[in-house]
Amino acid sequence: MAAPKRGRSASAQSKPGRSLALILIAIVALTGGMFASGHTTPRLGIDLAGGTSITLRAVPEKGQESAVNKTNMDTAVDIMNRRVNGLGVSEAEVQTQGTRNIIVNIPKGTNSEEARQQVGTTAKLYFRPVLATEASAGTATASPSPSASSSASSSSSSSATPKATGSSSASSSATPSASATSQGRAVSDALKADSTSSASPSATASASATPSATSSSAASEAAAKLEAQYTALDCSKKAVQNTAGKDAKATDATVACGKVSGVWYKYLLGPAAVDGTDVKKAQAVYNTTTAAGWQVTMDFTGKGSDKFAKITGELAKNTTPQNEFGIVLDGQVVSSPYVSSSITGGNAEISGSFTQEEAQSLANMLSYGALPLTFKEDSVTTVTAALGGEQLHAGLIAGAIGLALVVIYLLIFYRGLSVIAIPSLLVSAILTYVIMALLGPGIGFALNLPAVCGAIVAIGITADSFIVFFERIRDEIREGRSLRPSVERAWPRARRTILVSDFVSFLAAAVLFIVTVGKVQGFAFTLGLTTVLDVVVVFLFTKPLMTILARRKFFADGHKWSGIDPKALGAKPPLRRTRRPSAPVDPKEA
């Protein structure tokens, strides 16, 4: 088989239709996916759709600069997400930007002041004794929680009864009470016991201290009020889940909600016995020694160790559920392990049927209470929907003007070649739009005003690639070559220039995306995306289409309106191969 001639690619010349078919199939598939997903328009950012954007900067305590790290920042994002969701906000965004900034974007329809207060304050983590708990939808008193122990071993159990040893089991089932009346009596007794205990905030079933008549009356009134709140509490409602007990003081008993295994429980909790700042360290570990699976280990400070030993010692004397302590973050119970003995030594384990994700999530929440971090507002931007609509309208007009100017330029200077350039621009625009629409639900990409600017700048970058290719072809024609060889000879040189140019643009966009914070990243992301699409369009659409049209008489003969008229370009006479003169015959050899 004869090899193709040097400098020519047989596949590139003979099968350009394959490349065109490939990109058209990709367009159809992406467009079909866009309509199938139901997201037919790009998701708009706060500055276009209206809403509030809050930039928070992490500030560590003195000597704790290392606390600003990825793990702690991600934990802070999780907590803020919980807070924003507690406002009933849909499509809110909380994400890290850079190494020490968090951006909170809240769409229109939300009280911006309330949102600022929610996300800008440090989370409060407490360990509170459980006085009573039950599934919110029924009347069953439950112990829905894993166990806490100072031992490394644990197992899974379906019983609500704790073990007598240091290691105990996870419980996920409910033990029904005898009746609603007896349950109410148990709650009342727990509140009375809690109100009469001045030495400890535990939920002891009986009280030894006798307060004065005045204080007893006030305590009884407060207990009755709290009991009524607990009875009326319905944790199946989302609004209640995020607000119950949220503003309670650490020294007061309170009510709260918590979710376990997909079921919402309501809790009656005593005053805080241990603060989140008493936790020195918490982490998720996999216990291979006893096959207990994933566990959460906690290390306490010196004072925290004493507090925890005292409360667990008192809780261990009680029966379910008053042998549990609730881990309460921002007013919501994230876990309520029970104990069977006093836990001393400054460390403890929470064990049960945890998955890795559940254990890591709980460890992060426990760690957050001890984070030496505060967040300060760097900026708060509020945009009304009307102003956002005006900005979007202005951006679209600017884009249309820029596109029109590019088209006019192509028509004037490249004439017939604009038949290739304009469809290429159209294909690039379609791909950009469809991908942006898909990235909204896919990765949360939101089209903001800087992103619109990036798309407008991309029009020039895309047009520049066409111009480089066309000028290389013209250079070959000026050298006296016909169109088809000119296209194939010009492509390698143009390809290198296009790739280098686009690489520089993409590199600039990537650096800008990494080092900037906030909305400028939208510009960088869009610029990078359109730069990649420019390479795709030039390689799979522009070049194959040029190869096909080069075979048409209008272009091949260099029509004056084709944009590649040899006369208009000042081409040299056609290159012709001349025969070498034959060497003279030596008379001696003759």
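The values are calculated or read from the model by the stated rules, or taken from the named source; none is laboratory data. The structure presented is a predicted model; accordingly, all values stated were derived computationally and were not measured. Cβ sites come from the backbone with ideal geometry, for glycine too, and all protein chains shown count toward neighbours.
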request  = Report the residue count in segment 437-454 for those that are more than 10 Å from Phe525 (Cβ to Cβ), touching a residue at least 40 places away in the same chain (Cβ under 8 Å) and assigned to a helix (DSSP H, G or I).
outcome  = 7
note = How many residues of segment 550-567 are surrounded by 15 or more Cβ atoms within 10 Å (Cβ to Cβ) and within 14 Å of Arg474 (Cβ to Cβ)? The answer is 8
note = If we keep only residues of segment 231-245 that are crowded, with 17+ Cβ neighbours inside 10 Å and in contact (Cβ under 8 Å) with a residue 40 or more places away in the chain, then the residue farthest from the chain's Cα centre (by Cα) is Leu233
note = Counted residues in segment 262-310 being part of a helix (DSSP H, G or I) and without any contact (Cβ under 8 Å) to a residue 24 or more places away in the chain come to 1
ask   = Do we have any residue at all in segment 350-370 that's in contact with a Ser or Thr (Cβ under 7 Å, 6 or more places away or on another chain), in a loop (DSSP other than H, G, I, E, B) and touching a residue at least 24 places away in the same chain (Cβ under 8 Å)?
value = yes
ask   = Taking helices (runs of 4 or more DSSP H) that do not extend beyond segment 536-576, which have at least 2 residues that are over 23 Å from Pro423 (Cβ atoms)?
value = 566-569
task = Name the one entry in Ser342, Ser353, Ser367, Ser361 that is at pLDDT 85 or above and surrounded by fewer than 24 Cβ atoms within 10 Å (Cβ to Cβ).
result = Ser342
Scan of segment 243-273 for residues that are touching a Leu at 6+ places or on another chain (Cβ under 6 Å) and hydroxyl-bearing (Ser, Thr, Tyr), ordered by number = Thr254
Single residue of segment 511-522 satisfying the filter (modelled with pLDDT under 90 and in a helix (DSSP H, G or I)) that is surrounded by the most Cβ atoms within 10 Å (Cβ to Cβ) = Gly522
